[in-house]
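**Q** One structure follows; several queries about it will come next.
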Amino acid sequence: MSALGELLKKASSTELAYVSTLGHAVDPIRELGLHLEQKQYNTRLQALMAPDDYARERGAAFDVMVDEVQKSYTAAYDGFIKAGLPTHMAKQYALAAANNEKQVRRQVLETQYPTNANLIGDMSIVNKSSTGVMSMPGNMGGRALRRPAKRRKPAKRR
């Protein structure tokens with residue numbers, strides 16, 4: 001008997017209400033985006049509390065993405081060459097396939113490890129500094145210590 005058959009055989013009427021017409025169980029918490037929201041909160045918290053760990057994990061995930069894009073290019077190129085396409089066309093089509101793979105993988109990476117979480121982690125490091133000046137990364141806080149630039153007079157017209 002299939003897994004769906006076992007589920008239907010053992011399920012209560014309440015559990016059956018969560019089974020879709022396609023036979024896939026529906027998780028309302030996932031469908032409402034609450035799993036994603038919780039994961040994003042945990043990611044931001046990790047970036048804030050342990051920015052070095054977050055950066056290492058994101059870097060490793062980025063490396064995996066690069067490897068998958070390379071594999072996609074290689075597989076597509078080999079397939080097009082075996083199909084008899086000229087080299088320049090095989091390269092062009094393989095680059096298009098790799099670009100599609102990159103876009104999908106990049107979206108997954110940004111969902112799991114958002115770029116803006118890096119800024120949160122960087123801010124926590126800067127805010128722990130001894131200067132007492134809250135700032136963003138890149139020494140922007142140092143600008144607050146300088147005097148404002150003098151306003152220049154407009155040039156005289158001739």
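The values are calculated or read from the model by the stated rules, or taken from the named source; none is laboratory data. Quick caveat, the model's predicted, so the values are computed rather than measured. As a convention, Cβ positions derive from the backbone with ideal geometry for all residues, glycine included, and neighbour counts pool all protein chains shown. Areas reflect the complete protein model, heavy atoms only, side chains present, ligands, DNA and RNA absent. Shrake-Rupley method; radii C 1.70, N 1.55, O 1.52, S 1.80 Å.
**Q** I'd like the full set of residues that are out of contact with any helix residue (DSSP H, G or I) (no Cβ under 8 Å at 6 or more places or on another chain) and of a type in the set (A, V, I, L, M), limited to region 65-74.
**A** VAL66
**Q** Identify, from the list ALA96, ALA11, the residue that is among the hydrophobic types (A, V, I, L, M, F, W, C) and at pLDDT below 95.
**A** On inspection, the qualifying residue turns out to be ALA11.
**Q** Restricting to region 78-97, name every residue that is part of a helix (DSSP H, G or I) and open to solvent by 60 Å² or more (accessible area, probe 1.4 Å).
**A** First, the residues of region 78-97 that are part of a helix (DSSP H, G or I): 78-82, 87-97.
Across region 78-97, the qualifying residues are ASP78, PHE80, ILE81, LYS82, THR87, HIS88, LYS91, GLN92, TYR93, LEU95.
**Q** Next question. Could we say that THR43 is among the β-branched types (Val, Ile, Thr) and either under 24 Å from ASN116 (Cβ atoms) or surrounded by 14 or more Cβ atoms within 10 Å (Cβ to Cβ) (or both) here?
**A** Against the criterion (among the β-branched types (Val, Ile, Thr) and either under 24 Å from ASN116 (Cβ atoms) or surrounded by 14 or more Cβ atoms within 10 Å (Cβ to Cβ) (or both)), THR43 qualifies.
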